[in-house]
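What follows is a set of notes on a single structure, which appears directly below.
The values are calculated or read from the model by the stated rules, or taken from the named source; none is laboratory data. Here the structure is a predicted model, which means the values were calculated and not measured. Don't worry about glycine lacking a Cβ; one is built from the backbone with ideal geometry, like all the others, and counts go over all protein chains shown. Quick note on the areas: whole protein, heavy atoms, side chains included, nothing else; ligands and nucleic acids left out. Shrake-Rupley method; radii C 1.70, N 1.55, O 1.52, S 1.80 Å.
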Amino acid sequence: AQALWNLNAYPESKIIADKGYELDSNNAKINYYLGNNFYNVKEYEKAKEYYNKAIEIDSFNSNSYNALGNVYFYEKDYEKSEEYYKKAIELNAKNSYPYNGLGNLYYFKKDYEKAKDFYLKSIEVEPVNSFSYNGLGNVYYFKKDTKKARECYNKSISLDSKNSAAYYNLSNIQ
């Protein structure tokens with residue numbers, strides 16, 4: 001299911017995860033994958049249900065906490081989002097995604113210094129996280145440092161040639 005989800009084959013991923021759930025509804029990974037599928041189609045309440053069940057089964061699964069941080073971020077509940085991202089980091093400080101999530105959170109709150117710090121921490125943990133370079137580029141762009149912004153967007157694209165946000169952002173400063 002995860003391999004298909006990573007390939008953006010969401011309907012196929014959900015079919016496999018549903019079958020897995022039929023066989024073992026108390027499997028944390030299956031609940032997490034089902035949460036991902038509902039998150040992808042913006043069915044946030046269902047996503048939260050599966051992520052929470054994954055946490056009930058495995059309370060040390062940082063990915064589920066990070067995923068809940070993402071859900072609450074998109075629901076604009078920034079306080080809960082921050083809480084879940086921080087819990088994910090507490091459980092696994094080597095997971096770059098909650099740092100990136102906190103970077104996004106502070107970016108949208110217009111706290112660019114904190115956003116920059118979290119994007120840089122995400123990059124330190126996982127130097128190939130293209131999303132963090134894109135976010136860092138956004139911080140530099142809004143601080144009027146177009147040279148650094150351009151470097152970050154180019155780095156993001158070099159790491160993930162399908163990162164459309166980085167292309168779009170780069171086009172705004174060309």
Original post:
Taking the range 54-87, which residues are open to solvent by 50 Å² or more (accessible area, probe 1.4 Å) and either hydrophobic (A, V, I, L, M, F, W, C) or part of a helix (DSSP H, G or I) (or both)?
Top reply: Glu56, Ile57, Phe60, Asn63, Tyr74, Tyr78, Glu79, Lys80, Glu83, Lys86, Lys87
Original post:
Consider Asn61 against the criteria (1) modelled with pLDDT of 95 or more; (2) closer than 30 Å to Asn31 by Cα; (3) under 17 Å from the mean Cα position of the chain (by Cα): it satisfies all of them except one. Which criterion is unmet?
Top reply: (1)
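Would you be able to tell me the number of residues in the range 102-116 that are open to solvent by 30 Å² or more (accessible area, probe 1.4 Å) and either part of a helix (DSSP H, G or I) or aliphatic (A, V, I, L, M) (or both)?
Taking the range 102-116 first, the residues open to solvent by 30 Å² or more (accessible area, probe 1.4 Å) are 104, 107-114, 116.
Narrowing further to those that are either part of a helix (DSSP H, G or I) or aliphatic (A, V, I, L, M) (or both): 104, 107-108, 112-114, 116.
So the answer is 7.
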Original post:
Is it fair to say Lys162 is open to solvent by 70 Å² or more (accessible area, probe 1.4 Å), among the charged types (D, E, K, R) and not in a helix (DSSP H, G or I)?
Top reply: yes
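Out of Tyr97, Tyr119, report the one residue that is closer than 23 Å to Ile157 by Cβ, open to solvent by 70 Å² or more (accessible area, probe 1.4 Å) and under 14 Å from the mean Cα position of the chain (by Cα).
None of the other options fit; the residue is Tyr97.
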Original post:
Cβ-Cβ below 8 Å, separation at least six or inter-chain, first residue in the range 151-172 and closer than 9 Å to Asn134 by Cβ, second assigned to a loop (DSSP other than H, G, I, E, B) and open to solvent by less than 60 Å² (accessible area, probe 1.4 Å): which pairs?
Top reply: Tyr153/Ile173; Ser156/Asn163; Ile157/Asn163; Ala166/Asp160
Original post:
Within the range 134-154, is even one residue open to solvent by less than 60 Å² (accessible area, probe 1.4 Å), part of a loop (DSSP other than H, G, I, E, B) and closer than 15 Å to Ser96 by Cα?
Top reply: no
**OP:** Among the residues of the range 71-88, count how many are out of contact with any Gly (no Cβ under 6 Å at 6 or more places or on another chain) and closer than 20 Å to Ser130 by Cβ.
**Re:** 3
